[in-house]
Amino acid sequence: PPPAGVSPGSGALNPFDRRLKRKQKNWAALQAEPAKCDYLREEVGGRIADRVFDITRTFPLALDVGSGRGYIAQHLTKETVEKLIQVDIAENALKNAVESEIPTVRVVADEEFLPFKENTFDLVVSSLRLDVPSHDLGVCVLQIQQVLKPDGVFIGAMLGGDTLYELRCSLQLAELEREGGFSPHVSPFTAVADLGHLLSRAGFNTLTVDTDEIQVNYPGLFEVMEDLQGKYILCMGESNCSWNRKPLLHRETMLAAAAIYQEMYGNSDGSVPATFQIYYMIGWKYHESQAKPAQRGSATVSFGDLAKIEGLLKRGKK
């Protein structure tokens with residue numbers, strides 16, 4: 001394993017404790033009643049599977065990066081994916097994987113250092129794993145591009161920059177008021193403006209990036225924290241693992257944050273929302289058979305002519 005604080009794919013210093021991340025995910029995979037805390041990953045996994053079905057081809061060999069308990073595989077069919085390899089850094093997650101109808105091989109490996117040859121897979125999918133801050137996103141995307149075959153496709157989803165903005169803002173305002181400063185309690189997320197650039201720099205083309213939001217309502221801030229820490233974040237192994245993380249919040253700060261949350265974002269029925277922003281991305285590895293854009297200046301029709309279409313249609317009817 002790489003030294004603490006070092007990214008295995010690039011050797012660069014990493015501000016996150018990767019060994020702690022692996023311990024968190026292994027511990028999370030052993031928690032009881034996982035169905036109660038995996039609702040978000042199962043929902044996103046189903047939406048990724050829908051995007052796979054939209055591509056009218058059969059994939060002989062597919063790879064699920066950061067598969068966890070198999071949130072995407074359970075929605076796929078063997079008519080679409082003939083064989084699937086699931087990769088996760090936590091062996092306990094793979095041991096508790098949900099069975100699917102697709103022949104599956106499970107491999108314990110770091111998402112930043114995939115142990116596969118280049119040009120191996122026809123399809124690579126990933127659901128809510130590449131956004132984990134302890135990963136070097138650029139290295140992960142480059143690894144995925146390398147293991148894809150030419151004309152292979154990558155379909156992934158990750159949490160967007162506006163995820164949990166209600167909670168983060170409330171905690172920051174409360175800490176500033178009660179303690180004179182604040183530290184991160186929720187891991188940061190990637191901005192959509194950077195995502196297309198990362199995919200393009202890694203060698204993907206014909207890119208598609210779209211966003212969606214899933215909003216969950218809770219009775220109050222304490223229920224939000226309980227669900228995130230005791231269910232979603234901990235059971236997914238996504239607790240904040242930055243080196244400068246703060247170990248606890250004072251009671252007075254939490255009470256102030258609850259009041260701010262309710263005042264700024266509360267619903268009319270007394271509940272409070274928690275927003276999860278999801279980025280979905282699709283990228284293809286280059287192949288000479290793929291459609292190519294026309295050369296600049298080769299167009300025969302101007303966009304300015306669009307205003308004339310309505311008049312031409314009326315003349316045609318007459």
**Item:** Residues located in segment 261-288, provided they are small (Gly, Ala, Ser) and open to solvent by 80 Å² or more (accessible area, probe 1.4 Å)
**Value:** Ser268
**Asked** So Glu79 clears everything in (1) exposed (fewer than 14 other Cβ atoms within 10 Å of the Cβ); (2) at pLDDT 85 or above; (3) of a type in the set (D, E, K, R); (4) touching a helix residue (DSSP H, G or I) at 6+ places or on another chain (Cβ under 8 Å) except one condition, right? Which one?
**Response** (4)
**Request:** Filter segment 248-282 down to the residues that are among the charged types (D, E, K, R) and in a helix (DSSP H, G or I), then identify the one that is nearest to Val125 (Cα to Cα).
**Result:** Glu263
**Request:** Mind listing whichever residues of segment 186-203 are at pLDDT below 85, out of contact with any Leu (no Cβ under 8 Å at 6 or more places or on another chain) and not small (Gly, Ala, Ser)?
**Result:** Pro188, Val192, Asp194
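Grab the helices (runs of 4 or more DSSP H) fully contained in segment 83-202, keeping just those with 1 or more residues being of a type outside the set (A, V, I, L, M), open to solvent by less than 50 Å² (accessible area, probe 1.4 Å) and under 23 Å from Tyr280 (Cα atoms).
Numbers: elements: 91-95, 137-147, 165-179, 192-202.
Qualifying helices (runs of 4 or more DSSP H): 137-147, 165-179, 192-202.
Name the residues in segment 37-92 that are among the acidic types (Asp, Glu) and in contact with a strand residue (DSSP E or B) (Cβ under 6 Å, 6 or more places away or on another chain), would you? Break it down stepwise before answering.
Within segment 37-92, the subset among the acidic types (Asp, Glu) is 38, 42-43, 50, 54, 64, 79, 82, 88, 91.
Across segment 37-92, the qualifying residues are Asp64, Glu91.
Yes/no matrix, rows are residues, columns are (1) among the hydrophobic types (A, V, I, L, M, F, W, C); (2) at pLDDT below 90:
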position: Asn244; (1), (2): no, yes
position: Pro247; (1), (2): no, yes
position: Ala274; (1), (2): yes, no
position: Ala291; (1), (2): yes, yes
**Item:** Residues of segment 200-218 satisfying the condition of being touching a strand residue (DSSP E or B) at 6+ places or on another chain (Cβ under 6 Å) and charged (D, E, K, R)
**Value:** Asp210, Asp212, Glu213
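Can you spot a residue in segment 304-312 that is under 29 Å from Leu207 (Cα atoms), among the charged types (D, E, K, R) and in a loop (DSSP other than H, G, I, E, B)? Don't jump to the end; show me each part of the working.
Of the residues in segment 304-312, the ones under 29 Å from Leu207 (Cα atoms) are 304-306.
Next, from what is left, pick out any that are among the charged types (D, E, K, R): 305.
With the extra rule that they be in a loop (DSSP other than H, G, I, E, B), the set shrinks to none.
No, segment 304-312 contains no residue that is under 29 Å from Leu207 (Cα atoms), among the charged types (D, E, K, R) and in a loop (DSSP other than H, G, I, E, B).
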**Message:** So, in segment 24-46, how many residues would count as being out of contact with any helix residue (DSSP H, G or I) (no Cβ under 9 Å at 6 or more places or on another chain), open to solvent by 60 Å² or more (accessible area, probe 1.4 Å) and at pLDDT 65 or above?
**Reply:** 1
**Complete:** Looking across segment 124-142 at residues that are closer than 21 Å to Ile48 by Cβ and among the aliphatic types (A, V, I, L, M), the single one that is modelled with the lowest pLDDT is Val132
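The values are calculated or read from the model by the stated rules, or taken from the named source; none is laboratory data. Remember, it's a predicted structure, so these values are computed and weren't measured experimentally. Because the Cβ atoms are built from the backbone with ideal geometry, glycine has one as well, and the counts that use them run over all protein chains shown. Calculation scope for accessible area: heavy atoms of the full protein, side chains included, ligands and nucleic acids excluded. Shrake-Rupley method; radii C 1.70, N 1.55, O 1.52, S 1.80 Å.
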